[in-house]
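Structure first, commentary second.
Throughout, read-outs are computed from the coordinates displayed, never taken from laboratory work. The shown structure was predicted, so the numbers you read here are calculated from the model rather than taken from an experiment. With ideal geometry, Cβ positions are generated from the backbone for all residues, glycine too; neighbour counts draw on all protein chains shown.
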Amino acid sequence: MEKIRYERPVIKKLNTGVMNKYGTRTEYAPVTNIDGAKVKDLIGEFGSPLFVMSEQTIRKTYKDAVRAFTTRYPKVQFAWSYKTHYNNAICSVFHQEGSWSEVVSGFEYNKALLNGVPGNKIIFNGPDKTDEDLILAINNESMIHIDHLDELYRIIELTDELKKRPKVAIRVNMDTGVYPMWDRFGFNYESGQAWDAINKIILTDKMDLIGLHTHIGTFMLTPSAYALAATKLSDLAFHIKSKFGKNITYIDMGGGFASRNTLKGSYLMGADTVPTFDDYAEAICSALLNSEYSKEDLPLLILESGRSLVDEAGFLLGTVLANKRLSDGRKATIMDFGVNILFTSFWYEHKISPAQEFSHYTEDSVIYGPLCMNIDVIRENITLPPMKKGDNVVVHTVGAYNMTQWMQFIAMRPNIVMIDMDGKPHLIRKKETLEYMNSLEITPEYLKSFKL
Amino acid sequence: MKIKKNVAISESGFIFNPTSGDSFSTNPIGLEIIRMLKDEKSKDEIRKYILSKYMTDDSTFEKDYYDFVMMLQTNQVAEEIE
């Protein structure tokens, strides 16, 4: 007699009460392949855990975003937010689609240059720009977004040394009715700081103020906040023209659009609640079109979206290391990936799917990572089918920030592969090795011998 | 280990404990184990049956069996034989 597939015996207490009107979550449907590439094969070839990026999803999402804005506004340009995912292959996909670069450090700036982005298509944000970075950016005619007065005064000094006129914008922070208000970057709108900086730039006549920039927050669930920000920047640009006769050629609305992840504490799934690109585009474009600009003077609209463009294209494949029972009776499953590589699990309820067929029986579990740290919790409560050691899972919507904010802590960082448009996987970042980690360390000679 | 006498077990894996008023569901293999415990089968008899019917090994069965009977006890569906 042929044996049948084994499933761990489970017993689940049934809780009676009013039924959830949204029904029960069905996040335990198996995901056996990504863009046609089998999960088992990917893990077999590249190991577990493994980050997988879908080129198809990146390109589709990018096109959706571009369509939402270009159908509403005549001049639109996206600039890929390097900090969200600065793997060269990923950046190159965005550059192939027509995206400029938005960088926030010398490291990212040089990465963009090495990726082949022309200097005048790089937007340089951030509070930390060294003299070396600024000189490079000035010489390359990059768009330098000034964050604070110290930077402004330093650029003025550098223009005297370099005999060049940098192209600059100022970063403006403002009250858009959302909490918390992001006021640590740039110059404040309401208090007049922004005007102080604008006056200084224009009256010293050492650089060209060509743009205005804002970045009002992150994972913004309220498109109307963007409308308010766009209105305030438009007013500022219009009054600069009235006062000084200078045309502001672009307005950069930054990033902050939400991805379809579910924030911790949310009652509904992120996919059901976050605004669409069309919602954001309608708010921003309407505000710009309704401003006092004439049709000919409408500025270029720049968007620095990162998270919303790449989050859904990322998957983390992992393997069950063990199951255990906690003292209160809850089931705990230990995975081979932890918060060291899935940093975003601190604020998202990541969707996790088993990668093999299961029956419809489920149990409530806690998902832990492999780190010997109490904080290493991937999901505090999730309903999944019974899984056994060696089973695989797919964590969804992990494409933003994880592969830049990940930590080499206790374990080393794993491989990243990208599935191309034909379903073929390409290794785009090698996993770290002990040899590589040790190559960065130097042990003084006198510490190299000891007796135990 | 034995299943409490007044615990009701349905064909579909629905379990009702009239003492506590709690109800539970279990998967097919869980139902089989509960039925065998109700019939006062020994652990060895249950193991032999599971290993002959399912694609699993001795150590996996043992780990899962102990966890399962612990949950039966925790939920007051089963009790130790005195």
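General remarks:
- q = 0.10 Å⁻¹, chain A: log10 I(q)/I(0) [Debye, one scatterer per Cα]: -0.81
- Normalised by 2.2 N^0.38 Å, where N counts its residues, the alpha-carbon radius of gyration of the range A:167-320 equals 1.17.
- Cross-link reach list, aspartates and glutamates versus A:Lys246, counting only Cα pairs under 12 Å and skipping chain neighbours closer than eight places: A:Asp205, A:Asp208, A:Asp297
- Based on C-alpha pairs under 8 angstrom that are at least 6 apart in sequence, the range A:65-119 has a relative contact order of 32 percent.
- Virtual spin-label span in nm between A:Gln408 and A:Asn15, 7 Å along Cα→Cβ: 4.4 nm
- The range A:225-305: trypsin sites (Lys or Arg not before Pro) in DSSP coil with no more than 16 other Cβ atoms inside 10 Å: A:Lys246, A:Lys264, A:Lys295
- Antiparallel bridge percentage (DSSP; both residues within the protein assembly as shown; nearest 5): 50 percent
- Cα radius of gyration and Dmax for the range A:1-153 (Å): 23.8, 83
- Think of each Lys and Arg Cβ as +1 and each Asp and Glu Cβ as -1; about the Cα centre, that makes the dipole of the range B:2-79 roughly 220 debye.
- Here is the list for the range A:332-408: trypsin sites (Lys or Arg not before Pro) lying in DSSP coil, each with at most 13 other C-beta atoms within 10 angstrom of its C-beta, are A:Lys389.
- Sparse packing (at most 12 other Cβ atoms within 10 Å of the Cβ) combined with a DSSP loop state is found for the following GluC sites (Glu not before Pro) in the range A:288-327: A:Glu292, A:Glu296.
- Ratio of Rg to Rh for the range B:2-79: 0.96 [Cα atoms; Kirkwood radius as inverse mean 1/r over pairs].
- Per residue convex hull volume, Cα atoms of the range A:55-311, in Å³: 122 Å³
- For A:Glu190 and A:Met269, the difference between the fully extended length at 0.36 nm per residue and the C-alpha to C-alpha distance is 24.9 nm.
- Inter-centroid distance (Cα atoms) of the range B:29-70 relative to the range A:379-415, Å: 32 Å
- Tail beyond 28 Å, pair distance distribution of the range A:300-452 (Cα, percent): 33 percent
- The alpha-carbon of A:Lys3 sits under 16 angstrom from the alpha-carbons of these aspartates and glutamates, leaving out residues fewer than 8 places away in its chain: B:Glu32, B:Asp57, B:Asp58.
- Of the residues A:Ala169, A:Ser449, A:Ser294, the one whose Cα sits farthest towards the positive end of the charge dipole of chain A is A:Ser449 (charges of +1 on Lys and Arg Cβ, -1 on Asp and Glu Cβ, taken about the Cα centre).
- Ignoring aspartates and glutamates fewer than eight residues from A:Lys206 along the same chain, the ones with Cα atoms less than 12 angstrom from its Cα are A:Glu157, A:Asp160, A:Glu161.
- Antiparallel bridge percentage (DSSP; both residues within the range A:321-452; nearest 5): 80 percent
- Lysine pair count for the range B:2-79 (Cα-Cα distance under 23 Å; residues 8 or more apart in sequence or on different chains): 22.
- For the range A:279-373, the equivalent ellipsoid derived from the Cα gyration tensor has semi-axes of 46, 15, 13 Å, listed largest first.
- Cross-link pairs beyond the 25 Å C-alpha cut-off, checked among A:Lys38/A:Lys431; A:Lys389/A:Lys431; A:Lys13/A:Lys38: A:Lys13/A:Lys38
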